[in-house]
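Okay, so here's the structure we're looking at.
Read-outs: derived from the displayed coordinates by stated rules, not from any lab. This is a predicted model, so every value here is computed, not measured. FYI the Cβ positions are ideal-geometry reconstructions off the backbone, even for glycines, and counts take in every protein chain you see.
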Amino acid sequence: MAASDRPREACGVFGVRDPQQSASHLTYLGLFTLQHRGQESAGIAVSDGTKILVDKDMGLVASIFNDHRLQALPGNMAIGHTRYATTGASAWDGAQPVSRGAGGVYFALGHNGNLVNTEELAARYPAEVFGSDSDVVATMLAADLTTRSHGSLVDAVTAVLPQLQGAFSLVIMDETRLIGARDPHGFRPLFLGRLETGGWVLASETPALFVVGATVEREISPGEIVVIDDDGVHSHRFADVQKRRLCTFEFVYVSRPDGVLAGTSVDAARRRAGIALARQAPVEADLVVPIPESSISGALGYATESGIPYGLALIKSPYIGRSFIAPTQARRDTALRLKFGPIVENIAGRRLVVVEDSLIRASTFRKTVRMLRDAGATELHLRVLSPPYRWPCYYGMDTGDRTTLIAATKTIEQIRIDLDVDSLVYLDLDRLVEAINPQPAGLCTACMTGDYPVPVPTASRRP
């Protein structure tokens with residue numbers, strides 16, 4: 001996959017157990033709400049209490065599943081997954097949920113995040129061919145079940161998870177139980193919700209709970225396993241809580257603005273970041289404009305604090321997905337033209353403050369600037385709602401090659417010249433952290449500081 005402006009983010013996971021409703025239909029709604037977290041493949045595994053059926057394919061949730069296909073997945077318990085290939089090939093074999101059978105137990109698994117010790121774990125099974133780190137986890141669970149004479153999936157999960165290093169929020173199920181688990185640092189979010197019917201839901205983001213009519217009970221704690229069965233929800237720990245390190249980019253870009261993370265509204269955090277950026281980097285201009293859609297909240301904050309009117313310079317088509325999902329740069333360029341349409345009346349002859357959530361590689365952003373220049377903008381002042389992204393992420397983003405990160409290879413002035421903007425300012429890290437203020441969680445800022453909470457093997461680091 002060639003480079004694009006933003007990272008492809010962590011995947012989305014969903015799980016539901018409700019005796020009174022079709023689990024596959026609820027999972028479809030949940031995955032549709034989590035579509036922004038992964039647009040390469042999607043899948044659903046469902047159980048009727050005696051057997052598990054798995055249906056997955058490449059593409060968007062709505063293009064894969066329809067009512068006929070969901071009707072063929074009967075049952076009151078299901079897990080779902082929508083994926084980007086942060087590890088493994090962008091192919092059907094990498095689609096999730098993954099499933100295995102061993103020791104008389106059949107199970108399915110969905111994984112959000114990325115492990116840093118995958119090679120070490122995979123080396124234990126030299127005869128196996130793995131498509132992703134999720135495949136490795138499933139194989140480890142199957143191997144543990146095989147060695148137990150009367151073990152359960154819960155026993156296997158409890159034994160295997162302490163061996164994993166890195167980021168993982170998991171939904172797992174056998175024929176009768178739904179399991180959720182989160183790594184000891186809590187890199188990726190996972191929430192527990194309750195339905196009015198008495199059923200239970202697990203999801204990567206709170207909007208996926210709301211869409212199925214569930215109320216938020218709580219976040220799954222780092223290092224926690226929850227087991228949902230006929231008797232309700234049972235919780236136990238597989239690891240002590242480490243220093244919490246929720247991904248900063250969940251607030252900057254990944255999560256939906258209508259969600260809540262670590263007790264903090266994502267929209268409110270982004271607005272506060274915009275306010276902080278206006279205080280840090282004021283400029284004389286005629287209009288504050290966002291790059292739709294994840295920078296809208298921040299642009300509103302910037303406009304409010306600066307007193308410069310807020311407006312739209314680019315209209316985003318609701319029918320085009322995030323442009324970086326296209327497999328070639330040429331197709332991404334075409335997708336960009338389809339995705340954004342300039343409002344010339346708001347651009348021509350005006351000085352614009354262009355608010356963007358992040359600059360990762362800047363390959364398509366250059367074309368966005370050209371679009372604004374061609375529409376007649378007299379000045380472009382770029383304001384970025386996060387610090388320079390200089391270090392690869394190994395916990396769920398697809399930025400493992402540092403040479404592709406524009407801020408890792410160029411100074412801010414060089415980036416300004418490269419992008420052809422009149423001024424460029426990134427939000428300071430301390431201002432961003434203050435704007436997010438996640439209580440009680442701490443933040444992972446490795447992509448901006450190079451300080452990795454979980455050590456990354458040297459062999460995994462690209463130059």
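A few points about this structure:
- Between E196 and T147, the FRET efficiency from the beta-carbon distance, with R0 = 25 Å, is close to 0.05.
- Diagonalising the gyration tensor over the Cα atoms of the stretch 100-153 and scaling each eigenvalue by 5 before taking the square root yields semi-axes of 20, 13, 9 Å, largest first.
- Residues with amide H under 5 Å from that of L314, placed H, sequence gap 5 or more: I343
- What the Cα atoms of the stretch 234-287 give is an Rg and a Dmax of 16.5, 57 Å.
- If the convex hull is drawn through the Cα atoms of the stretch 158-252, its volume per residue in Å³: 97
- Annotation for E175 and D430: the two label points, set 7 Å from Cα along the Cα-Cβ direction, are 6.0 nm apart.
- 5 angstrom amide H check on D420, placed H, neighbours 5+ away: none
- Size of the stretch 116-218: Rg and Dmax of its alpha carbons, in Å, are 15.6, 47.
- Summed side-chain charge close to A159 - residues other than A159 whose Cβ falls under 13 Å, Lys, Arg +1, Asp, Glu -1: -1
- For the chain, relative contact order (Cα pairs under 8 Å, six or more residues apart, normalised by length) works out to 15 percent.
- Helices that extend 24 Å or more along their long axis by alpha-carbon positions and average at least -0.5 on the Kyte-Doolittle scale are absent among the DSSP H runs of the chain.
- The H on the amide N of L115, modeled in the peptide plane, is under 5 Å from the matching H of A167, each at least 5 residues off or on a different chain.
- Equivalent-ellipsoid semi-axes of the stretch 35-193, from the Cα gyration tensor, Å, largest first: 23, 19, 15
- Where labels lie 7 Å past Cα in the beta-carbon direction, separation of R279 and R237 in nm: 3.7
- The stretch 212-275: trypsin sites (Lys or Arg not before Pro) in DSSP coil with no more than 13 other Cβ atoms inside 10 Å: K243
- Cβ-placed point charges (K, R +1; D, E -1), dipole of the chain about Cα centre in debye, nearest 20: 960
- Using 0.36 nm per residue and subtracting the Cα-Cα separation, the extra length available between R351 and Q414 on full extension is 20.5 nm.
- Modelled spin labels at D451 and S265, positioned 7 Å past Cα toward Cβ, are 3.0 nm from each other.
- Normalising the average separation of contacting C-alpha pairs (under 8 angstrom, six or more residues apart) by the number of residues puts the relative contact order of the stretch 25-131 at 27 percent.
- Structure-based [θ]222 nm, the chain - -39500 (n - 2.57) summed over DSSP H runs of at least 4, per residue, nearest 500: -7500 deg cm²/dmol
- Expected-Rg normalisation [2.2 N^0.38 Å, Cα atoms] applied to the chain: 0.98
- Per residue Cα convex hull volume in Å³ - calculated over the stretch 340-431: 103
- Extension gain, K316-D93: 0.36 nm per intervening residue step, less the Cα-Cα distance, totals 77.1 nm.
- Set of the stretch 91-117 residues, backbone N closer than 12 Å to the point 7 Å along the Cα-Cβ line of D155: 103-105
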